[in-house]
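Student: Starting off with a structure, shown below.
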Amino acid sequence: MLDASKENCIHIPTGGTDEVRALSADQRQQLLHSAGIKLNIEPTQGLAIKSMIGLPWYRLRTLSRWLKHSGISFGSEWKHRALCRELIGDNLEVELAPFSFKLADGDEEIRGAAHAYTPSLTAKITQLLEQNEMNDKPIR
């Protein structure tokens, strides 16, 4: 339930963004922080975004630059790639394989697409269990 009492409200000057732009960067950060708005996207969240919307690395760079221009820190590609290597480990192989795709007109087209698999399921499960144990995370 929302609490709209005066203690929980922030006064933002009216008249457009000129007043907000007149604030220093620290004051703007404090204003946004007190409003509960987060401007930093952690590498784990960034990698989840990349995965969920299926972005290749070069598109992630474009998104990161766009977000940075809008005042949102997305983190470095290096941190995203390092996290990706840490999560995947040595137990995932990716190769280009021929797949059949349906076209808009109903025809089918065969073209190469990335195909990922784990050569050793037991090694992958062991890796994940060890990671969870190191991070004190419960097994789900």
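The values are calculated or read from the model by the stated rules, or taken from the named source; none is laboratory data. All values derive from a computational prediction rather than experimental measurement. Don't worry about glycine lacking a Cβ; one is built from the backbone with ideal geometry, like all the others, and counts go over all protein chains shown. Note: accessible area is taken over every heavy atom of the protein model, side chains too, but ligands, DNA and RNA are not part of it. Shrake-Rupley method; radii C 1.70, N 1.55, O 1.52, S 1.80 Å.
Student: Ranked highest first by the average count of other Cβ atoms within 10 Å around their residues, in what order do 95-107, 40-52 fall?
Tutor: Averaged packing, sorted descending, gives the order 40-52, 95-107.
Student: Counting only protein heavy atoms, what percent of the accessible surface of segment 19-140 is carbon or sulfur at a 1.4 Å probe?
Tutor: 56
Student: A further question follows. Please report, in debye to the nearest 20, how large the charge dipole of segment 94-140 is about its Cα centre when each Lys and Arg carries +1 at its beta carbon and each Asp and Glu carries -1 there.
Tutor: 220
Student: Right, here's the next one. Hey, can you grab everything whose amide H is under 5 Å from the amide H of residue 73? Only 5+ residues off in sequence or another chain; H modelled, so Pro and N-termini drop out.
Tutor: Placed amide hydrogens put 40, 41 under 5 Å from residue 73.
Student: Just the accessible area per residue of segment 75-140, please: how many Å² with a 1.4 Å probe?
Tutor: Per-residue value: 83 Å².
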